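Written out below as C-alpha cells is the structure these notes cover.
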Amino acid sequence: MKDLPDSAERRANLKGLGCARKRVEDARFTQGKGNYVDDIKLPGMLFGDFVRSPYAHARVKSIDASAALALPGVVAVLTAKDLEPLGLHWMPTLAGDKQMVLADGKVLFQGQEVAFVVATDRYIAADAVELVEVDYEDLPVVVDPFKAQEPDAPVLREDLAGVTEGAHGPRRHHNHIFTWEQGDAEGATAAIDGSEVIAEETIYYHRTHPCPLETCGCVASMDKVNGKLTVWGTFQAPHVVRTVASLLSGIDEHNIRVVSPDIGGGFGNKVGVYPGYVCSIVATIVTGKPVKWVEDRMENLMATAFARDYWMKGRIGATRDGRITGLHAHVTADHGAFDACADPTKFPAGFFHICTGSYDIPVAYCAVDGVYTNKAPGGVAYRCSFRVTEAAYFIERMIEILAIRLGMDAAELRRINFIRKDQFPYISALGWEYDSGDYHTAWDKALKAVDYEGLRREQAERVEAFRRGETRKLLGIGLTHFTEIVGAGPVKNCDILGMGMFDSCEIRIHPTGSAIARLGTISQGQGHATTFAQILASETGIPADKITIEEGDTDTAPYGLGTYGSRSTPVAGAATAMAGRKIRAKAQMIAAYLLEVHDDDLEWDVDRFAVKGAPERFKTMAEIAYAAYNQAIPGLEPGLEAVSYYDPPNMTYPFGAYICVMEIDVDTGEWQVRQFYALDDCGTRINPMIIEGQVHGGLTEALAIAMGQEIAYDDMGNVRTGTLMDFFLPTAWETPNYQTDWTETPSPHHPIGAKGVGESPNVGGVPAFSNAVHDAFRAFGLTQTHMPHDHWRIWRTARDLGLHG
Amino acid sequence: MIPARFDYHRPDSVAAAVGLLQQHGDEARVVAGGHSLIPMMKLRMAAPAHLVDLQGIAALRGIEAGERIRIGAMVTQSEMIAHAGLAEAAPILAEAARQIADPQVRNLGTVGGNVANGDPGNDLPALMLCLDATFTLEGPEGVREVAARGFYEAPYVTAREEEEILTAVGFDRPARGFAYEKQKRKIGDYATAAAAVLIGAEGGRVVSASVAMTNVADVPVFSAAAGEALVSTDCAADAVAAAVAAMQGDIDPVEDNRGPVEFKRHVAGVILTRAIARAWSRA
Ligand SMILES: Cc1cc2nc3c(=O)[nH]c(=O)nc-3n(C[C@H](O)[C@H](O)[C@H](O)COP(=O)(O)OP(=O)(O)OC[C@H]3O[C@@H](n4cnc5c(N)ncnc54)[C@H](O)[C@@H]3O)c2cc1C
C-alpha cells in the first residue's frame, strides 16, 4: 500500500469505542444555548399553576373559584368536577394503581394538586391561585408505615373500600397495597437458625429526592385545525407518554406528538405522568391555546417522584469462619398516598431480589409489604422503582454488621463470600443470572490502591489516641462492593404498562458518508449524542463527528421505553450496535459488487471493506454510501438505512468496589471525606471521560443522600425539608475529590459488552459513605444507626455511645 | 416562587427614600441586596405593595477605617471582605462575612440589610453586638444613633421605626484577639450555632472580652457574663468553661432541622470554646 494511514490511525480518527471524546452537547449547554421546556414560547400561550393542599389528609368540602375567575387574565380554573366527565379526574399509575389528577373529595398528601388555574400570564396565574378558596376538614394523618397497618389506622384510600385484590395480589388491610415474595422462606430461615453466627438488624433507607436542576413541566398545544396534539415536556420516556396520553384522552396515537427537548437532569424524577401534564392537555383542548405548566422547586420537592422510604429487616447467618449460610429480608415499603412507582408489572418491588449482592449465598428469601401513607406518591427516582439501591444498601450494611458479630475484618468477610470468577454466569439464590464478573480482582485492586492495611493501622492508633484524650476525631473506613442489575429488560418479563422494555435505533447513512441516528431513549445529561455516535463509529467506520444523534421526538424517533435505570447503553446501545451491523452487512454486499468479488472475500478494516489478502483493494464506508445512492446494484435496494429493535436476552450486572475514608468530629457531628476511591466495572468502556463524569455526579448524589439529604415529614404530614435551605444539595465546597479506577469485564450477551454505569455510583456510593460513619464508631460498639448522617444524628450517636464524657 | 404584584421605586437620596416610606406607610419596604427580602416575597411571606430600592443612593456606600470605623449600609458583604483598611483595622469582619452564604449572595447582600433584617440567623448582628456597634438611623424626625446591643427586640422586630432607614454602622477599632466561629450544615446555610469573640490582652492576661452568639435564640445574643468570665484570666480551661457556662445561661435555642435543643446547646459550647481559643491565640 502507498500512503494510506494505518489502521490504528484510522481507528483513532473515528473517535469510536474507548475514546475520551469531548461531549458534543457541552458547546450549547456551557453557553446557555440549551433548549429546555421553559424556553418554549408559543403565540397566545397560557400558563397553568396549581392550588395545592396545605394538609396531608383532609376532606375537600368545597372549592370556590369565583374570586380567581374574576381576576382579569384568568381563563379557567379546573377542578376534579371538570375532569370527571372526561374520566380524567383519576389516572392509572405505572404500578397498577390509580391516582387523583385533582383532589376528588379529599386530599392525601401535603402539596397534592387541588385545582388548576389557567391564565394569560404566569404572574396572574400565581395571584389567582391565592384567590381560590378551598374549604378543608382535616382528617387524622398517618405518616408511619407501621402505624398505617394497625387495625384502627385511618382509612386513606376510600376509593379502594372493599377491594381485597390489588394489582399484585391480595390486600389484607385498608392501607396495604401488596405483599411480594421471592425465594425460599423456610429454607432461608432454617439455614440461618442453624448457623453458628447470626446477625439481625433493621436497615432504614430514608425518603429522599433527586432534585433535578430543571423541575418538571410541559407545554401542551392542541391544533384544532389538523386535530394534532403536541406536548413538549420533561419526559424521560416520551414514547410511553404518547401511548398513555392516547389511552387516557382517546386521541389517536398518530395525532399525538410528544417531544422531550433538552432535559436538565431526570434521575427518575421525570419518568412518571404528573397531574400537571394531564391538566395542561385538558386546558389546551378546552381553550384551543397552548398551555405551559412548569413547577417550582418547592412543588418539585414536595409532590413529584421521591426515592426510597424502605424499612428493611434483615437476618443473615454464617459459619464461625465467615461463610454466609443464608439471608432473609422483610421490607416495609412506604409508597405514600398512591402506588405511583414505575415497575415492570411482575415486579412491584422492582429487582429488590438482587439483595444477595456480590455474594454467593446458598439460600435466601425476601418479602416486601407495600403500604399507603399520607405522603407524596411516586417512588421512581434514583432507581427507586427498581429497588436496586435499597438492596445494595441492605446487603452492604448486613455484611458490615455480620463482620461485627464475627469479630472479623469486613473486607476479608466480603472476600470470603464473593461469587468467584469461575462461577459466572451465576444463578443467584433469588433467581437472577449474573452475566459476568471478577469481584476478587476488583476488590484486591481497590484495597491495594488505598493501602487498606495502613488505613486500618492508622484507625487503630486513632482510637487509642481518642481514648487517651488526645483527639476528638475518629476515622471511618467505609467499604462497599456492589453488584448492580441494569438494562431492563427482557420483554418476556419486563414491561411498563404492558409495553415491553426493548429499545431501538434507526440509522440513515447520507450519500456523502455522514449519518443521523435516532433512538427511543432520551438524554438528560448523560451525553447520548456523544457516546451513541461512538458506538456507531466503531460499527460503521463513519467518524463519530459525522454522526448526528437525535432522540425525544416521537414523530421521528423509533419507539423506545426511554432513559432511566441505566438502560440506555445496555438496551438502546445494543440496538445501536445492531443497527450499525445491519448497515455494515449491506455495505459489504455493495463493496463486493463494486470490487467485483464475492462477499466472503472481503474483510472489515476499521472504516472499509478490503479484499482478503489484497488490502490495497478496498472501498471505504464513505465510498460505499455514495454508491448506495447513485448506482443500481443488482439485487439490492438503493439507500443505506437500518432499524433495530433490541430485546435484551438478559440484564447486565455492572459492579464496583468503593472505599471512603472519613474524619468525624464527635463533638459537633461534622464530617470530612478525606479520600474516596471508586473502582467501576461497567463492562466495555465506550467513553472513559463520560464514565468518569457519571461517576463523579453519582457519587456526589450519594454523598448528599448518606450525609444529610432527606424529605422529612412531621407527624402532621407537613414536609419539613421543602426548600434548598433545608434540603441538602452539595456544592463544590462539600464535594470531595474522587479517585476513579476501573476493571473491564465485558457482558457476554451484549453486542459490544457494555453494561451501563449511570447509577452505579449512586447505588454503591451510599453504602460506602454510610459504612464509613458506622465504621468510625465500630470500636465503641455501634452496629446500626440510620441515615441521613447529618451533624446532629452523628452527634447523637456519639452521645449515646458515651463519647461526650 | 412568584411574588405578588408591587411597584418599584428607586430614589437617589435618603430623604427621598424616607419620603416614599412616609407616603406609603406599611405598604412599603426598602430593598437593599434583596437576598433576604426577595426570597420572602417569592414565598409570599412578604408582599409589600411598594419596593423602595436603595441601590441608587450613593451616600449609603462609603467605608471609613480609622480609629472609629464606619460602614455605609449599602456596602456589600463582598466589598467589606475585600477592603484593605478594614482587614487591618477589624479583621473579624472579613472572617465572619466569609462565612455568610456564598460569593453570589455576598456580592449582592449588604451590611445594612443583614443587620436591619432582624433574622436571628444572620451573622452580622451578633458580630455588631460583640463590637458594641452603633447603628445610624435616618427618618422623618432626623438622624439618631442606636446601640446595637439595644436594637434587636424579637424576630424581625428591631428598634428601627418603620419610616427610618439604617444608613451606617459604626464602632471603635476592636481588640486584637478575634474569632468568628460558625457551624453550618452546608454552604448557603445559616448557623447551627456561631460565636463572635473579641479579646484584648496585656501581659498574658485578658483585659477585655466580648462574646456574642448567632442563631441560638430568637434574637442575636450578647453574653456579657461570658465576657466577664474571661477578664483577668489567662483563658485557661476553667475560665473558658466558666465563659461557656455563662453563655449557656443566656441562650435559648429551638429545635429545627439542624437538630434538637440539646445538640444546639452542646454545639454552642464547643463553638465558643474554639472561638475563645482562636481569639486568645491572636490577642
Ligand atoms: C442562600 C442564602 C444563604 C444565606 N446565608 C446567610 C448566612 O449564612 N448568614 C447571613 O448572615 N445571611 C445569609 N443570607 C442572607 C444575606 O446575607 C442577605 O443578603 C442579608 O440577610 C440581607 O441583606 P440584603 O442587602 O440582601 O437585604 P434585603 O434582602 O434587601 O433586605 C432585608 C431586610 O432588611 C430591610 N433593609 C435592608 N436594608 C435596609 C436599610 N438600609 N435600612 C432599613 N431596612 C433595610 C429590608 O426592608 C428587608 O426587610 C443568605 C441569603 C441567601 C439567599
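Odds and ends about this structure:
- Just one of (1) surrounded by 18 or more Cβ atoms within 10 Å (Cβ to Cβ); (2) within 10 Å of the ligand (Cβ to nearest atom); (3) acidic (Asp, Glu) fails for B:Glu162. It is (1).
- Looking only at the stretch B:72-111, and only at residues there that are within 12 Å of the ligand (Cβ to nearest atom), over 29 Å from A:Pro730 (Cα atoms) and in contact (Cβ under 8 Å) with a residue 60 or more places away in the chain, the one that is nearest to the other protein chains (Cβ to nearest Cβ): B:Ala73
- Of all residue pairs spaced 6 or more apart or on separate chains, those with beta-carbon atoms under 8 Å, a first member in the stretch A:636-655 that is at positive phi and a second member that is modelled with pLDDT of 95 or more and not charged (D, E, K, R) are A:Gly639/A:Ala628; A:Gly639/A:Tyr629.
- Candidates in the stretch A:716-761 are the residues that are polar (S, T, N, Q) and within 14 Å of chain B (Cβ to nearest Cβ); of these, the one that is farthest from A:Ile691 (Cα to Cα) is A:Asn718.
- Number of the exception - A:Ser62 against (1) touching a helix residue (DSSP H, G or I) at 6+ places or on another chain (Cβ under 9 Å); (2) in the same structural domain as A:Lys81 (by TED's automatic domain parsing): (1)
- Checked against the criterion of being more than 14 Å from chain A (Cβ to nearest Cβ), β-branched (Val, Ile, Thr) and more than 20 Å from the chain's Cα centre (by Cα), the candidates B:Thr273, B:Thr214, B:Thr233 yield just one match: B:Thr233.
- Hits in the stretch A:116-130 - residues which are part of a helix (DSSP H, G or I) and charged (D, E, K, R): A:Arg122, A:Asp127, A:Glu130
- Test: residue in the stretch A:241-259 that is in contact with a Phe, Trp or Tyr (Cβ under 6 Å, 6 or more places away or on another chain) and not in a helix (DSSP H, G or I): yes
- For the stretch B:114-145, filtered to residues that are closer than 19 Å to B:Ser223 by Cα and within 7 Å of the ligand (Cβ to nearest atom), the residue that is farthest from the other protein chains (Cβ to nearest Cβ) is B:Leu124.
- Evaluated against (1) at pLDDT below 95; (2) within 14 Å of another protein chain (Cβ to nearest Cβ); (3) on the phi > 0 side of the Ramachandran plot, A:Gly669 falls short on exactly one condition, (1).
- Check on A:Ile395, touching a Phe, Trp or Tyr at 6+ places or on another chain (Cβ under 6 Å), aliphatic (A, V, I, L, M), at pLDDT 95 or above and surrounded by 15 or more Cβ atoms within 10 Å (Cβ to Cβ): no
- Subset tally (residues that are more than 21 Å from B:Gln104 (Cα to Cα) and basic (Lys, Arg)) for the stretch B:41-87: 3
- Filter pass, A:His176 being within 18 Å of A:Val331 (Cβ to Cβ) and modelled with pLDDT of 95 or more: yes
- Filter result for the condition that a residue is surrounded by fewer than 21 Cβ atoms within 10 Å (Cβ to Cβ) and either among the hydrophobic types (A, V, I, L, M, F, W, C) or not assigned by TED's automatic domain parsing to the domain that holds A:Ala337 (or both), over A:Leu131, A:Leu156: A:Leu131
- Subset of the stretch A:503-527 [farther than 21 Å from A:Val271 by Cβ and small (Gly, Ala, Ser)]: A:Gly513, A:Ser514, A:Ala515, A:Ala517
- Any hit, the stretch A:203-211, residues being hydrophobic (A, V, I, L, M, F, W, C), more than 30 Å from A:Ile316 (Cα to Cα) and in contact (Cβ under 8 Å) with a residue 12 or more places away in the chain: yes
- Of the residues making up the stretch B:182-190, at least one is outside any loop (DSSP other than H, G, I, E, B), within 14 Å of chain A (Cβ to nearest Cβ) and in contact (Cβ under 8 Å) with a residue 12 or more places away in the chain.
- No other residue among B:Ala179, B:Ala195, B:Ala242 is closer than 17 Å to B:Leu272 by Cα and without any contact (Cβ under 8 Å) to a residue 24 or more places away in the chain apart from B:Ala242.
The values are calculated or read from the model by the stated rules, or taken from the named source; none is laboratory data. Keep in mind that what you see is a predicted model, and the values were worked out from it rather than measured. Cβ atoms come from the backbone with ideal geometry, glycine included; neighbour counts cover every protein chain shown.
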